[in-house]
Amino acid sequence: MPQPVERAILLIQTAFIGDVILATALLERLHAEHPNTPIDFLVRKGNEGLVKDHPHVREVLIWDKKKDKYLGLWRLLLHIRAAHYDQVITLQRFASTGFLTALSGARERVGFNKNPLSFAFTRKVPHVIEEGVHEVQRNLALLGADAETPLTRPRLYPTATDEAAAAHYTDAKPYIVMAPTSVWFTKQFPKEQWLALLQALPPHYTVYLIGGPPDVAACEEILLASSRPKMHNLAGKLSLLASAALMRGAVLNYVNDSAPMHLCSAVDAPTCAIYCSTVPAFGFGPLSPRSWVVELLEPLACRPCGLHGYRQCPLGHFHCARGIRTTQLLTVLAESEEVK
């Protein structure tokens, strides 16, 4: 006899790409625990491609923060209330998503205690940055998971179209993928050091530079400044999920502490995560089974200087990035080749 369908759940994560990817761990956990319960997912406009064809998502709701911020928020609230969700879970700690959660009409309204409207939640959970606790674990606590609960990892599902788009490039094996940019300057490995790495990489590798439309120019600068053959700028040419499919087949992916690192985690791609001003102890490190972290070898009094990074180094020297050696990155490649 078929199991009855439970009333739907709404997940809310309208932050950046990486945050949405990490939130997919909750989709995995919810689906495992409530396989007959429909799950909807609210994201900011531009991130819907990550989950619009996700097998555990019934409907993707989109908030256009730039075009229609406040009116759009009100329309979303009306839609959410009309949907009669049994549970609404916000992963963010901002008033906007707290507003949607608190007034959703859901029987269970769940979020972090740092949300300004958490007083109207039926359950609120501490969000504490402490060493050894990953952001995925903090998020899973919203579902009642504790520190002893095995970690459920984020997961993305490239479609056949995504796989076909990546297949144009995956045949050029062996290849390495580099994602050289970041929203934050102090999270971004400097251009001259990417160029040093490109020069030092063994010549038999094809190298792909990836990124979104805003990263095309920066990747093109690196391409033109390098004399390396078999190198291609794919920034702006692949969707996020097609990029993930490409990264999955690489010998190694060199990434910053940014969204491409989480793409790797969600498809088990080999990852070399380069940390400049931030540190893995914040809880946003790589989760791929084959992952390595590269950072400054010696202690630096000013590092970390912030949770998310800055537009420029507060002290002007940016030694947390410039002090990282090319040999560290080559050592990871050698180890990745052995594992593969």
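Bear in mind these aren't lab numbers, they're just calculated from the coordinates by the rules spelled out. It should be emphasised that the depicted structure is a prediction, and the values quoted were computed from it without experimental measurement. Backbone-built Cβ (ideal geometry, glycine too); neighbour counts: all protein chains shown.
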Q. Mean separation of Cα pairs under 8 Å and 6+ residues apart, divided by the residue count of the range 160-339: what relative contact order is that in percent?
A. 25
Q) What are the residues whose amide H is under 5 Å from the amide H of Phe284, where those residues sit 5 or more places off or on another chain and H is modelled from the backbone? A) Glu135
Q) By counting other Cβ atoms within 10 Å of each Cβ, how are Leu50, Leu73 ranked from fewest to most? A) Leu73, Leu50
Q: Output the relative contact order of the chain, whole-number percent, from Cα pairs under 8 angstrom with separation of 6+ residues.
A: 15
Q) Once you sort the root eigenvalues of the Cα gyration tensor of the range 9-143 as a ≥ b ≥ c, which label holds: rounded (a/c under 1.5), prolate (a/b larger than b/c) or oblate (the other case)? A) rounded
Q) By the gyration tensor of its Cα atoms, with a ≥ b ≥ c the square roots of the eigenvalues, what is the shape of the range 211-318: rounded for a/c under 1.5, prolate for a/b over b/c, or oblate? A) oblate
Q. In whole Hz, what ³J(HN,Hα) sequence does the range 258-273 give by Karplus (6.51, -1.76, 1.60; θ = phi - 60°), x for Gly and Pro?
A. 7, 4, x, 4, 6, 4, 4, 4, 7, 10, 6, 7, x, 10, 10, 8
Q: Would you mind classifying the range 110-201 by shape? Square roots of the alpha carbon gyration tensor eigenvalues, ordered a ≥ b ≥ c; an a/c under 1.5 is rounded, otherwise it is prolate if a/b is larger than b/c and oblate if not.
A: prolate
Q.
Could you work out [θ]222 nm for the chain from helices alone, using -39500 (n - 2.57) per DSSP H run of at least four and dividing by all its residues? Round to the nearest 500 deg cm²/dmol.
A. -10000 deg cm²/dmol
Q: Would you compute, for the Cα atoms of the range 160-339, the largest minus smallest coordinate along each principal axis and list the three values in descending order, in whole Å?
A: 46, 34, 33
(Q) Cβ neighbours within 10 Å, averaged per peptide: list 294-304, 7-17 in order, most packed at the top. (A) 7-17, 294-304
Q. Counting DSSP beta bridges in the range 1-126, what percent are antiparallel, to the nearest 5?
A. 0
Q) Which of the peptides 18-29, 228-239 is most tightly packed, and how do the rest follow, judged by the mean count of other Cβ atoms within 10 Å per residue? A) 18-29, 228-239
Q. Taking Lys45 as the anchor, which lysines have their alpha carbon closer than 26 Å to its alpha carbon, excluding any fewer than eight residues away along the same chain?
A. Lys65, Lys66, Lys67, Lys69, Lys114, Lys187, Lys237
Q: Could you run the Karplus curve 6.51 cos²θ - 1.76 cosθ + 1.60 with θ = phi - 60° over the range 176-181 and give me ³J(HN,Hα) per residue in whole Hz, x for Gly and Pro?
A: 10, 10, 10, 10, x, 10
